[in-house]
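Report on the structure given below.
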Amino acid sequence: MSTEVIVVNGGNPLKGVVPITGAKNSVLKLMAASLLGPGVSTIDNVPIISDVTLMGEVLTCLGASVTFGDHRVTLDTSRIDSIETPYELVAKMRASIAVLGPLIGRFGEARVAMPGGCNLGARKLDLHIVGLEALGVVFEIEHGLIHATTPQGLHGASVLLEFASVGATENLMMAATRAQGTTVIDNAAREPEIVDLAEFLIQMGARIQGQGTTTIQIEGTDALRPVAHHRTVADRIEAGTFLVAGALGGGPLTVQGANPQHLQIALTKLEALGCELVTTDDSITVSRSAALRAVDIQTLPYPGFPTDLQAQFMVLDVLAEGSSVITENVFENRFMFADEISRMGAVLRIEGHHALITGVRQLSGAPVQAPDLRGGAALVLAGLVADGQTTVSAIEHIDRGYEHFVEKLRAVGADISRREQ
Ligand code: EPZ
């Protein structure tokens, strides 16, 4: 638990330019994928966040040498001497499971601790396991460890995912690059991070088609090589988070280095909420002078509305004229943020997967606790426009996925700081 808190005094207008970094939810998988190509790979546009440091520790545990530069990570995976990831690391970061596919692809075996549940719900791995079993992987789960072996080798297969799981699509794609024959993944996840990973694997010599569509085809190859240079795709969720700050504070606020194509539904919702948008191929500018108008939101796999922006957009709806319903369709339990923002005066009720919201004119600052990464960021956003002071604790959640969050907000006019609690 961090001993620091973020303190926000609400009411400042927010305007200016926010630089957007590389996507957390891509770079963690690119780092894992480097296991497939023995040698030195370099990844640029790497955000300075604790999850990246943790993934570096996971790979170091396996025998890789990992060095960080300025928004850059260099990974030498020529001497991997372990196929086991320790529980204490996996427990800290569920994304560690992304080494499962590459280890199976390279060594035909892996031993990965079962990630604990997290505060978004159970977050099972059944889709990863069923999919990899189709490729010939045999799983034994004992003492909290997943032991994967390939007694008959790894072979291509057709896999239909019951749900377009991002993680399952990624593990399957990475393992399939080294299978004998061709693998087809149907109902695959279509996120921009999946496309980024596929492009990284293709640079390694993998043969992949269909990334970004619901059907991905991977033709197995005998060996893959390291990647001399890859630039991580921009973080659409960081961009969306700061666009909400601009929508709350009036703007004009520009997120620089973001691809508007990766946020189409979220941008449509911002316009429905009463914002004006101007986009270029690598920036989005938001401004608002009219009152916020309530909109309903349904989270869905990409290109649907991103679940990782649900809490942030809830701040807009709780301050909008009218009533709205936000439905969370991706995670079983992603409304913890709602409990915290109610402490600031939001009027809402949770009914299963629905948050029923009645807009209020003003939130009031209060001491609140970040429940998770995106909920923590959303509480800071609420503090930016609340009456009085808001203190957000448990900010280690925010540091997992946002680089210099406080500094970037201060640079566009927020009265915000970090201090020991
Ligand atoms: C990735 O998680 C992201 N994390 C999440 O971002 C994001 O919310 C999620 O994709 C959906 O877009 C990273 O990339 C590190 P899923 P992942 O597999 O891969 C269920 C953030 O804030 N499921 O698409 O774990 C699962 O329980 C984080 O940056 C199964 O039932 O997401 C969940 O309800 C939060 N069985 C749903 O599918 C499985 O085998 C979506 O999971 C796998 C998943």
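The values are calculated or read from the model by the stated rules, or taken from the named source; none is laboratory data. Since we're looking at a predicted model, the values are computed, not measured. As a convention, Cβ positions derive from the backbone with ideal geometry for all residues, glycine included, and neighbour counts pool all protein chains shown.
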TODO: Determine the pairs where a residue that is part of a strand (DSSP E or B), located within the stretch 111-127, has a partner that is more than 9 Å from the ligand (Cβ to nearest atom) and modelled with pLDDT under 65 with Cβ atoms under 7 Å apart, the partner being 6 or more residues away or on another chain.
DONE: none
TODO: Being surrounded by fewer than 18 Cβ atoms within 10 Å (Cβ to Cβ) and either over 22 Å from the mean Cα position of the chain (by Cα) or in a loop (DSSP other than H, G, I, E, B) (or both) is the filter here, so list the residues in the stretch 222-234 that pass it.
DONE: 222, 223, 225, 228, 229
TODO: Tell me which residues, restricted to the stretch 143-201, are within 11 Å of the ligand (Cβ to nearest atom), among the aliphatic types (A, V, I, L, M) and part of a helix (DSSP H, G or I).
DONE: 166, 168, 172, 194, 197
TODO: Check whether at least one residue in the stretch 78-97 is touching a Phe, Trp or Tyr at 6+ places or on another chain (Cβ under 9 Å) and touching a residue at least 12 places away in the same chain (Cβ under 8 Å), and report yes or no.
DONE: yes
Task: Near pairs, Cβ below 6 angstrom, 6+ apart or cross-chain, from the stretch 392-420 (without any contact (Cβ under 8 Å) to a residue 12 or more places away in the chain) to any residue that is part of a strand (DSSP E or B) - done: 410/416
Task: Filter pass, residue 379 being outside any loop (DSSP other than H, G, I, E, B), buried (at least 23 other Cβ atoms within 10 Å of the Cβ) and within 16 Å of the ligand (Cβ to nearest atom) - done: yes
- [ ] Taking residue 56 as the residue in question, decide whether it is small (Gly, Ala, Ser), modelled with pLDDT of 95 or more, surrounded by fewer than 22 Cβ atoms within 10 Å (Cβ to Cβ) and over 24 Å from residue 199 (Cβ atoms).
- [x] no
Open item on the list: Regarding the stretch 297-309, can at least one residue be identified that is buried (at least 21 other Cβ atoms within 10 Å of the Cβ) and more than 16 Å from the ligand (Cβ to nearest atom)?
Closed with: no
Open item on the list: Can you find, within the stretch 387-401, the residue that is farthest from the ligand (Cβ to nearest atom) among those that are part of a loop (DSSP other than H, G, I, E, B) and out of contact with any helix residue (DSSP H, G or I) (no Cβ under 6 Å at 6 or more places or on another chain)?
Closed with: 388
Open item on the list: Step by step: first the residues of the stretch 1-23, then only those that are polar (S, T, N, Q) and at pLDDT below 95, then the one that is surrounded by the most Cβ atoms within 10 Å (Cβ to Cβ). Which residue is that?
Closed with: 2
TODO: Out of the residues in the stretch 113-134 that are more than 9 Å from the ligand (Cβ to nearest atom) and touching a Gly at 6+ places or on another chain (Cβ under 7 Å), state the one that is modelled with the highest pLDDT.
DONE: 113
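Let's see how each residue does on (1) in a helix (DSSP H, G or I); (2) more than 22 Å from the chain's Cα centre (by Cα):
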residue: 295; (1), (2): no, yes
residue: 302; (1), (2): no, no
residue: 308; (1), (2): yes, no
residue: 316; (1), (2): yes, no
residue: 333; (1), (2): no, no
residue: 337; (1), (2): yes, no
residue: 357; (1), (2): no, yes
residue: 360; (1), (2): no, yes
residue: 384; (1), (2): yes, yes
Open item on the list: Need pairs with beta-carbon distance below 6 Å; first residue over 23 Å from residue 24 (Cα atoms) and within the stretch 158-178, second within 12 Å of the ligand (Cβ to nearest atom) and not in a helix (DSSP H, G or I); sequence gap 6+ or separate chains.
Closed with: 160/187; 161/187
Task: Candidate set: the stretch 24-53, residues that are buried (at least 21 other Cβ atoms within 10 Å of the Cβ) and part of a strand (DSSP E or B); chosen: the one nearest to the ligand (Cβ to nearest atom) - done: 43
